[in-house]
Ligand SMILES: [Zn+2]
C-alpha cells in the first residue's frame, strides 16, 4: 500500500516537473484563499497541500503529525502569520527557511482595541492585498523553480486581472446603498468594510470561536434597531444560532456572507471568485444598493 502510493506520488511529481525542471515544487498553504492563489499561480508545476481541510474552522486548526511532516518537507510554506498558532509553531520549528508569511508581503489591518486589538488575518477579503500576495508568491516560486518563472508570472497576471475585476465590481456595486452598516456574526469583514466604506458591526470577534458577552449582544441589538439594519449576516462555518436569535428578536432577516475560510457544499460558490461575487450579490440586496 505504502509502496503503491509512493510510486503514484513519484510518477505525479515526475510529470508535474515539466521538461528539464526536475521535481515539482512542494507548496503548503494554511487556509483556502491561499490554496486558491497557489493553484492558480502554480498550475501543474506545483504540488499544493492545504492544511485547513474543507469545513474546518481555520482559527481552531490543529495539525496532525502527518501535516507537520508536510510542513517540514515543503519547499515553500505560504501562510498568514498570527492567524493559526499551530501553523506558526510548525513553521518556526520545522520550516523557517521555506516560510512565506503573507504578513510580510502586505500590511495587515489593525483591529481596534475595543474590538479585541491585534492584527486582522482576513486579508483575502481585500482583492488588492490578494493581488500583492499573489505577486509575492510568484516571486518565491520563481526562486524555487527558475525554469517555470515565466509561467508563474503569466498565471499571476491572469489572477491579478481577475482580482481587479472583483474589486471594480465591489466598488461599483457598493457605491450607492441605502444602508452602510454591516452586521455580521463573525467579524471577518473589516478589510471589505474599510475598502468600500461600510461599517462592520461584529457579533463575535475576529476569532470566529469567541463567545459574545451578554453586553455585546445587547449592544448589537441596540445598533440594529437604532440604525434600521434589515439583515444580519451569518457565516458558513459558524453556528448561526446567536445571529438568528438577535435577528428574530429584532424582527429582521438573516443572510449568508461567506468569509471564504473554506469551500464546502454550503458555500455560495465553488471557488474564491464565485464566492466573492455571491457575497457582493448578498450585500447589494441586503444593503439596498442601486
Ligand atoms: Zn475568520
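The values are calculated or read from the model by the stated rules, or taken from the named source; none is laboratory data. Predicted model, so just to flag it, every value in this text is computed and none were measured. Heads up, the Cβs are rebuilt from the backbone with ideal geometry, glycines too, and the neighbour counts pull from every protein chain shown.
Yes or no: residue 193 on the phi < 0 side of the Ramachandran plot, surrounded by 16 or more Cβ atoms within 10 Å (Cβ to Cβ), within 16 Å of the ligand (Cβ to nearest atom) and in contact (Cβ under 8 Å) with a residue 40 or more places away in the chain?
No.
Among the residues of the range 116-136, is there at least one that is within 13 Å of the ligand (Cβ to nearest atom) and over 18 Å from the mean Cα position of the chain (by Cα)? Checking the range 116-136: at least one residue is within 13 Å of the ligand (Cβ to nearest atom) and over 18 Å from the mean Cα position of the chain (by Cα). Residue pairs whose Cβ atoms lie under 9 Å apart, sitting 6 or more positions apart in sequence or on different chains, and linking a residue in the range 54-81 that is assigned by TED's automatic domain parsing to the domain that holds residue 266 to a partner that is outside any helix (DSSP H, G or I), do not occur here. Among the residues of the range 230-276, the ones that are within 16 Å of the ligand (Cβ to nearest atom) and touching a residue at least 24 places away in the same chain (Cβ under 8 Å) come to 21 in all. Do we have residue 188 as touching a strand residue (DSSP E or B) at 6+ places or on another chain (Cβ under 6 Å), within 16 Å of the ligand (Cβ to nearest atom) and modelled with pLDDT of 90 or more here? Taking the combined requirement at face value, the residue does not satisfy it. If you go through the range 211-229 and keep only what is free of Cβ contacts under 8 Å to residues at least 24 places away in the same chain and within 16 Å of the ligand (Cβ to nearest atom), you end up with just 211.
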